[in-house]
Every structure is written in C-alpha cells, then in structure tokens.
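The values are calculated or read from the model by the stated rules, or taken from the named source; none is laboratory data. What you are looking at is a predicted structure, and each value in this text was computed from that prediction instead of being measured. Cβ sites come from the backbone with ideal geometry, for glycine too, and all protein chains shown count toward neighbours.
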Amino acid sequence: METLNSKTYHAAVYLRLSREDGDVAEGSRALSNSISNQKELVMDYLRSHAEIQVYSVYTDDGWSGVDFQRPEFQRMLSDIREGSVDCVVVKDLSRFGRNYIESGRYIEKIFPMLGVRFIAVNDGYDSLDGQYGNDMVIPFKNLINDAYCRDISVKIRSHMEVKRKNGEYIGAFAAYGYLKDPEDKNHLVVDGYAADVVRDIFAMKLAGCSLKAIADRLNRDGILSPLQYKKSIGIRLESSFQKDMEPKWSYNAVLRILKNEVYVGTVVQGKCTTPNYKVKKRVYKDESEWVRVGDAHEAIVGRSEFELVQSLLARDTRVSPKKGKVFPLAGMVFCGGCGEPMVRKTVPSGDKRYVYYVCSGHKNDRASCSSHSFSAKKLEESVLALVQTFIGKVLMLSEAADIVSRASGMAPDVGKIESRIAKLREEAEDCGRRRKNLYEDFKDGILTKEEYAMLREQYQKQADGIQAAIASLEKERDSIQTGQTAGQEWVDALKGYKGVETLDRRLAAFLIDRIEVMDSDTLQVSYRFEKEAAEMERFVMMYRKEAV
C-alpha cells in the first residue's frame, strides 16, 4: 500500500492579490495577503513536505478572485494539462478564488479528474487527506469567500454611484482635450494643446466641413490622433477603437469628439454596467438612466456652439465631392406636398451641369406625389433673400425693444403683472374650494339638485375665466421679458450676419428649421427663432404708442 509521502509531486505555488475585492484595503489584512507573505508562508509549509517539489510560482497581482480567466491561473492550468504540474498549493481558499461555484468545480471535480493534489495551507486542507470533515468544510468556506466578494462588489457599486452623482470623474482616462487633475484624480483640467485641436474641430464643422474632410485636414497637418497624443505624453493605454499600428484621425474619431458633452463642462457617466459581480459582460443602459452633471469642470466649447453642431450632425446628408463640404441646405429641404425630403440631383448637359432638388417621395413612387422640382441655384438665392428679410426684421425689432425698455416711464412693469397673476391664482384656489364644498352642501340637504347643478356651472365658468386671465397675463409677461432681453445671444449672433451676401452652412443651420417647396416658384421657410421673434414683435406693438 502506497504511503502519503511515497510519491514526488511537482507543485504549482499559486499567489493572488486583488485591488477590486478589498484585499488590500483593510490594514492588517493588506499585510497578511501581500504576495511576499503568501509566498513565504507556502514555502515554509513545503519545507516540511519533502515529497513536494516546486515546479513554478504563478502570481496574479491585481486580479479579482471572481474572475478565473486570470493570466497566471490559465498558465498554471496549461502546465497541468501538459502533465508538468500535479499539485497546487495556495495560502488559503480565498487566494485560489472567491467564486463559490467555480472554486468548487476546480477543487472537487476538475483537479481530482486530472489527478492534481490541492493544498490550502491556512485552511488545513489537503485533497490527499480524505477525511470526511474536510469535504464538508470546503464548500462552506468557498461560500463565505463568495459572499465576501459579493458584499465588496455592492459597496463599490454604491460608492461609484455616489461619485457619479457628485460629478466626480471616475473614468480610467481623461477625454482628449483634458487631463486628470494632479491634485484630484476625479476632476478634469484642460490640456491646452489638445483643447485647441478640439476647438478647431468644432470650428471646421461649423464652417460646413464634412467629418472626413476634418479628419483629412488633421492628418495632413500632422496632428496626432487622440491615442497617439496620449502615448506621446506618457499615458499608457489601449483602445478598442485602434485598428492600425499608427492610428490616424478618422470619421468616427472626429464624430466622437463632436458628440461628447464633456467639452461643455458636463460629465456623463454610468452609460453601461455589468449584471453582477460574477458576469463581466457589459450591458448598455437607456440614456434616461445615465448620470449627467453639468459645470463639473472647465468647458472647452460653448453650449450654444455645441448644440448648433449637434443640429448640423443631425441634418448632414450629401457632401460636395470635390470640396469635402456639406451643401448649405442639406437636410433642410422638404416637399410641401407629401412632406418627404427633397434630394439634390445633378444632370450634365454638354458643357453645363444643371443642379436641382426633387421630391424623394415622387422619385420612389411617382403616383404618391409630383416631382416639385426646384433649381438649386434659385432655391439658395430665394432662401438667402428670405433670410436677409428675417434678419432685418429681427434687428429692427431688437432696436425698437431697446428703445421701449430704456424710455423713461415707458418700461413695462413685470413685477406688477406677477402680482396680478398671484392674486388671480388665489382667486382660483378660493373658487375651487367653494366648488368642492357645494357637494357637501348637496349631501347635507342644504342645496337641492337643481341649485347644486346651477351653482356648480357658475363656479366652473368663473374658474375658466380666471385661468384665461392668468394665461393672458403670462403671455404678456413673457413678451415683456423677451423684449427686454432683445440683446440675448441669438439676436447678438444675427447682428453678425447683418448685410449677409452669401448663405453658408453655419448660418443656415443656426437660423433655418425647415424649407418646404410648394411648387417650382413657391417655397416656405420656417425659422428656429420664430416664436422668440413673434414675442418680441408683440412686446414692441404693446408699448409702441407710449414710446412714440
């Protein structure tokens, strides 16, 4: 009969330390679980077991016990399958793993099937010792280790969620254009050089350049791509977006920058998660669940500039083949008959080229709509004339509103209107209470059914009249506020286009909401600021006589 020590074992000494499951965050435990301490304890144990010879030491430093795809653990398994290792020695079961199911599968099934002896020194477990007690204790210890890992995972998730809601940046790397603050790793500071590149990208987009044209320009100017730039300043990282050995600027790289809210000072986090601490597959959340905190750090581009770029991105369609620029009215022209987009077509005729817009609905189904064909040149000239008229009107109204607001004794009193609204709301509440009490009087027999119906109708009419008065005063107040702020940002922007002679992409995207072609001679233009302009006009008309 073979004795316990009659065979020579070739052992794998396995060591593991995790930064994720809290192993290094608890004072004395950090010391006891250090890699050097684990190794010393295991080696001391092996000195009294001459039948065990160390084949190799396998160290996974910084790997969670839940994950069994650890590189050194996998190398150890490879050596076991090749027959080089037939014994595994660990300090304790928690160093081997913290996944109850996986740990049990290896210890109770895979290792015995492969003829591998397993030893957990501090737990007093040796698979060669077939005592029944050990077989009962091991599953419970694995379960406790698993529960410990689950508890730590819950605490970490909760802690990270608090940081997100506080606007603290918890990403591994800062977005291009920013660096992590040396004094606070959860705060972003502007990286001057990269921030200038970001501003140039937004400026080129606002000038009408396509995303590919912007990428080509950056590559031609020798601007390092975000990944290359970060490596050049000593940041070591790998990116899932990298495809080439020397990544260049691309359409998608430019698009990611233009759509990233981080550049207006907003931190958007919590876009994805994992089902639990064992399953590492990333699950993307609905946008309504993202954590968005504004003014978390210094902005690189203005909010209005960012929003205008988003509008451009949503509208961009066809690009000029030679110039790499988006056509000025791309994505804005629609058929006035069926509402379908109008498409831009070019027809060569000898030495000339005729460019016109045609209804896409008619193109796809001729029976659904007429072509509504409209010359591209005539369209742009007509839209420019209408835009010039609209800008002139707004600037005239702005000047008139300024005169009214500055005129002595003529400036409207918003405070007085607010007081009237507050008084009417009190009357509405009182009317509501009296109407509610009618039913109690009817139940108590104080009012007959006919009296109850008549009074109820009267109170309802009174309530409707009060609400109408409130709505009218609120509209007047809004008109006043719009008129008094005639120098607001959108009006100031239009002042820069006074006397404009050409219609570029930036102006079109900023001012035009929709263009509808009714027939070959008629079109309608809807503007983004029509409501504000109408309120400004109403304000001026309200106080025009007094100002004169």
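Applying a threshold of 9 Å to beta carbon distances and a minimum spacing of six or more residues, or different chains, the list of pairs starting in region 111-131 at a residue that is of a type outside the set (Phe, Trp, Tyr) and surrounded by fewer than 16 Cβ atoms within 10 Å (Cβ to Cβ) and ending at one that is at pLDDT below 90 and not in a strand (DSSP E or B) reads PRO112/SER127; GLY124/ASN134; GLY124/VAL137; LEU128/LEU4; ASP129/LEU4. Being charged (D, E, K, R), assigned by TED's automatic domain parsing to the domain that holds GLY496, surrounded by fewer than 17 Cβ atoms within 10 Å (Cβ to Cβ) and modelled with pLDDT of 75 or more is the requirement here; does ARG406 meet it? The answer is no for ARG406. Cβ-Cβ distances below 9 Å connect the following pairs, each with a first residue in region 249-268 that is of a type in the set (D, E, K, R), a second residue that is surrounded by fewer than 19 Cβ atoms within 10 Å (Cβ to Cβ), and a separation of six or more residues or different chains: ARG256/PHE241; LYS259/GLN310; LYS259/LEU313; GLU261/VAL268; GLU261/ARG292; GLU261/GLY294. Within region 452-463, not a single residue is more than 48 Å from the chain's Cα centre (by Cα), surrounded by fewer than 13 Cβ atoms within 10 Å (Cβ to Cβ) and assigned to a loop (DSSP other than H, G, I, E, B).
A quick yes/no check of all residues on (1) closer than 23 Å to ARG315 by Cβ; (2) touching a residue at least 24 places away in the same chain (Cβ under 8 Å):
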| residue | (1), (2) |
| --- | --- |
| LYS163 | no, no |
| GLY167 | no, yes |
| GLY171 | no, yes |
| LEU179 | no, no |
| ALA194 | no, yes |
| ASP200 | yes, no |
| ARG217 | yes, no |
| ARG220 | no, no |
| LYS230 | no, yes |
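Close contacts from region 370-381, counting a first residue that is under 12 Å from LEU503 (Cα atoms) and a second that is of a type outside the set (A, V, I, L, M, F, W, C) and surrounded by 15 or more Cβ atoms within 10 Å (Cβ to Cβ), with Cβ to Cβ under 7 Å and a gap of 6+ residues or different chains, come to LEU379/TYR357; GLU380/PRO328.
In the condition set (1) under 24 Å from SER34 (Cβ atoms); (2) of a type in the set (S, T, N, Q); (3) at pLDDT 90 or above, SER78 is compliant with all but (1). When the criteria are applied in full, LYS185 meets the requirement of being touching a Phe, Trp or Tyr at 6+ places or on another chain (Cβ under 9 Å) and either at pLDDT 85 or above or farther than 13 Å from VAL267 by Cβ (or both).
Table: residues versus (1) buried (at least 20 other Cβ atoms within 10 Å of the Cβ); (2) assigned by TED's automatic domain parsing to the domain that holds ASP129; (3) in contact with a strand residue (DSSP E or B) (Cβ under 6 Å, 6 or more places away or on another chain).
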position	(1), (2), (3)
SER36	no, yes, no
VAL57	no, yes, yes
ASP60	yes, yes, yes
GLU72	no, yes, yes
VAL85	yes, yes, yes
LYS91	yes, yes, no
PHE96	yes, yes, yes
SER103	yes, yes, no
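Of all the criteria given as (1) touching a residue at least 60 places away in the same chain (Cβ under 8 Å); (2) assigned to a helix (DSSP H, G or I), the one not satisfied by LEU503 is (2).
Condition check for GLY445 on (1) modelled with pLDDT under 85; (2) surrounded by 12 or more Cβ atoms within 10 Å (Cβ to Cβ); (3) not charged (D, E, K, R): one failure, at (2). Does region 514-535 contain at least one residue that is β-branched (Val, Ile, Thr), modelled with pLDDT of 75 or more, surrounded by fewer than 19 Cβ atoms within 10 Å (Cβ to Cβ) and farther than 30 Å from GLY361 by Cα? No, region 514-535 contains no residue that is β-branched (Val, Ile, Thr), modelled with pLDDT of 75 or more, surrounded by fewer than 19 Cβ atoms within 10 Å (Cβ to Cβ) and farther than 30 Å from GLY361 by Cα. Is it the case, given these coordinates, that GLU307 is modelled with pLDDT of 90 or more and farther than 30 Å from TYR100 by Cβ? In short, no.
Would you point out which residue out of ILE156, ILE138, ILE144 is assigned to a helix (DSSP H, G or I) and modelled with pLDDT under 60? Lay out the reasoning, then the answer.
Details: ILE156 fails: modelled with pLDDT under 60; ILE138 fails: modelled with pLDDT under 60.
ILE144 is the lone residue from the list that is assigned to a helix (DSSP H, G or I) and modelled with pLDDT under 60.
Condition (residue is at pLDDT below 85, of a type in the set (A, V, I, L, M), surrounded by 12 or more Cβ atoms within 10 Å (Cβ to Cβ) and part of a helix (DSSP H, G or I)) applied to region 411-419: is it met by at least one residue? Within region 411-419 (the criterion being at pLDDT below 85, of a type in the set (A, V, I, L, M), surrounded by 12 or more Cβ atoms within 10 Å (Cβ to Cβ) and part of a helix (DSSP H, G or I)), the answer is yes, since at least one residue qualifies.
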